[in-house]
1. Multiplying the sequence separation of A:Asp159 and A:Ser420 by 0.36 nm and subtracting their Cα-Cα distance, what value in nm do you get?
2. Tell me the label-point distance for the pair B:Arg85, B:His137, using the 7 Å Cα-to-Cβ offset, in nm and rounded to one decimal.
3. Starting from 0.36 nm per residue, how many nanometres of slack lie between A:Asn271 and A:Asp294 once their C-alpha separation is accounted for?
4. Please report the antiparallel percentage of the DSSP beta bridges confined to chain B, to the nearest 5.
5. What Kirkwood hydrodynamic radius, in Å, does the protein assembly as shown give when the mean of 1/r is taken over all pairs of distinct Cα atoms and then inverted?
6. Considering Cα pairs under 8 angstrom that are at least six residues apart, work out the relative contact order of region B:1-127 and quote it in whole percent.
7. Give me the distance in nm between label points sitting 7 Å out from Cα along the Cα-to-Cβ direction at A:Ile200 and A:Glu404, one decimal.
8. Quick one: what are the phi-derived ³J(HN,Hα) couplings along region A:96-106, Karplus 6.51/-1.76/1.60 with θ = phi - 60°, whole Hz, x for glycine and proline?
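The values are calculated or read from the model by the stated rules, or taken from the named source; none is laboratory data. Every value quoted in this text rests on a predicted model; they were computed, and no experiment measured them. Cβ placement follows ideal geometry from the backbone for every residue including glycine, while neighbour counts extend to all protein chains displayed. These accessible areas exclude ligands, DNA and RNA; they are computed on the full protein's heavy atoms, side chains included. Shrake-Rupley method; radii C 1.70, N 1.55, O 1.52, S 1.80 Å.
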Amino acid sequence: MYIIIAGAGVVGFHIASLLAEEKHEVAVVEQSEEALDNVRSQLDVTSILGNAATPKVLREAEAPRADLIIAVTNSDETNMITCFIAKELGASMTVARVRNPEYSGYFIGAAKSLTAPRKVVRPKTFGVDLFINPEVEAAKEIISILSSFYPTPVENFADGVVQIREFRVERETMVDKPLSEITLPKPCVIAAILRAGGLITPSADELIKQDDHVYLVASREFMNELGEMFAQPQRPAKSVVILGGGRVGVLAAEGLQGHGISVKIIEKNINRCQEVAARLEQTAVVQGDGTDRDFLIEQGVPLADAFVATTESDELNILSGLLAKNLGVSRNLILITRPANIPLAEAVGVDVAASLPLLTARKIARFVLHGGAVSVALLGGKQIQAIEFVASPTAHIAQRKIAEVGLPKGAIAGAIVHNSTVVIPADDHVVQPGDRVIIISPLSVTPAVEKLFM
Amino acid sequence: MEFHKILVPVIGSQADEETIKLACRLARQDKSEVRAIYIITMTRDLPLDAESEAEIQKAEDTLNHIETVAEQENYRIDTDVLQAREAGPTIVDEAVEREVDLILIGVVYKRRFGEFSLGEVAPYVLKNAPCRVILYHQYSDESAV
């Protein structure tokens with residue numbers, strides 16, 4: 001695929017690196033010479049200096065032959081105009097990052113008469129195939145984690161029937177046991193093990209270690225029961241302290257309030273405090289420094305069920321998350337902007353709730369796949385991905401046994417949904433046309449996996 | 001028989017996939033335009049221009065799926081979301097306005113008062129359409145009983 005990325009900020013850079021790793025042809029367009037130098041020195045991609053929202057620069061970037069344009073500059077308006085012009089020039093698909101929630105992308109058009117049908121104007125109407133709002137996605141992720149029994153993220157497939165969930169190994173009964181000796185109470189697959197930042201494709205004699213992160217694939221109804229084998233369930237949070245009154249903090253607070261959770265926001269900037277307080281009537285907003293231990297104790301942080309750090313600084317988030325952990329808060333979630341900081345955060349024992357570049361990458365991942373992929377999730381940072389395909393009657397995989405389809409090295413068929421029934425497939429399972437197949441594989445073998453479904 | 005503009009109303013039912021595949025196959029020969037529409041029907045207790053995020057999301061999901069199916073058929077289709085009080089008249093209006101020459105409508109097996117029923121939309125379209133109509137009936141185990 002030929003993909004143009006407009007904007008070489010943190011999000012643009014990481015998407016470019018991810019797509020280049022998947023062997024796509026990538027061009028990055030950026031106005032800042034400094035940001036472009038950073039791209040040139042680290043990535044094997046084409047770089048173009050200029051404003052992507054102009055036809056001249058887009059032509060220079062060969063937009064007419066682009067399969068996908070991803071506009072992720074800092075300006076919502078620039079992103080939308082870039083998509084509009086690119087689409088008019090002939091680009092196949094366009095994605096715009098739009099952070100202002102006022103731009104929902106939809107509005108009801110005018111009608112000829114009071115009773116005539118109204119056209120719902122969609123982003124597609126003005127050339128944007130997909131709006132991405134990473135802040136909204138991050139807030140959703142935080143809410144999802146805090147309202148469940150485990151402090152780790154979950155990925156849904158096949159309309160939520162199948163889940164892939166990460167669990168931190170806490171139960172001593174599981175430690176130092178080879179996988180072949182572990183009997184799980186319900187059908188499931190251990191798709192991967194994350195150990196000290198590195199991903200292991202599990203084999204039968206692999207030993208599970210304390211604090212490993214295991215990725216389980218199973219039917220949603222069994223996931224909590226399976227999770228108890230590895231981790232200690234916690235009660236869903238009832239009181240949460242959020243550090244940072246930025247977009248993510250406010251959106252998360254709004255969502256948590258909706259779940260009946262009591263929320264307090266700590267924000268350093270007094271003007272922002274006033275804005276947030278005016279918007280969130282049921283939330284206590286206090287002005288202060290999130291790294292001040294005495295202040296956090298004074299604000300009742302040790303009594304909270306969860307602490308969520310959502311400032312724009314990774315370092316501040318990691319530090320305050322660590323401080324909250326030290327004060328006895330059992331659930332500490334933080335927002336990370338630079339994916340390279342995730343291992344550091346996890347090494348000090350803080351749970352990463354969301355990483356904006358990875359959330360953005362996840363949203364667009366489906367568009368860069370062939371073979372009828374319907375959803376994608378990146379697991380273990382960005383080391384492996386789970387892709388859900390619908391097997392078409394003409395696909396290579398259809399009517400064949402799993403053992404005979406020729407799955408590339410490192411790839412496994414995690415689950416198959418046949419007529420709404422979840423099957424954890426054995427080697428002799430035959431894939432039927434129309435089945436939803438969830439494949440877990442390293443990024444490098446994605447093209448080979450796609451071929452199975454073409 | 002030539003069709004230049006084909007209109008396919010979709011509702012997120014089991015019949016959608018096969019209906020759109022059939023439309024793409026019919027359209028390929030004459031390089032016809034295929035337009036799939038999803039109609040959000042607003043109940044009378046709400047204004048006609050009220051925005052329902054959940055309904056729009058459902059429409060978008062249905063049309064995304066339909067586009068994927070068309071892509072698998074190697075055919076490019078247009079999609080639209082309309083908001084109206086009733087689906088039948090809206091389909092007919094759309095066919096008139098866009099000078100459509102075929103409406104391809106899919107139905108699934110339904111029972112009403114113990115009897116097989118086509119519902120209200122398909123009969124209205126069959127009766128009032130200004131063009132040819134093909135009705136695609138999705139086979140199911142229930143319909144074979």
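1. Using 0.36 nm per residue and subtracting the Cα-Cα distance, I get 93.0 nm.
2. 3.2 nm
3. Details: separation 23, 0.36 × 23 = 8.28 nm, distance 2.29 nm.
Here the answer is 6.0 nm.
4. Working: 2 of 24 bridges.
Looking only at bridges with both residues in chain B, the antiparallel portion is about 10 percent.
5. Numbers: mean 1/r = 0.0381 Å⁻¹.
Evaluated on the protein assembly as shown, it is 26.3 Å.
6. Details: 192 pairs, mean separation 43.4, N = 127.
Relative CO of region B:1-127 lands at 34 percent.
7. Calculated label separation equals 3.5 nm.
8. In residue order, the calculated couplings are 10, 7, 10, 9, 6, x, 5, 8, 6, x, 10 Hz.
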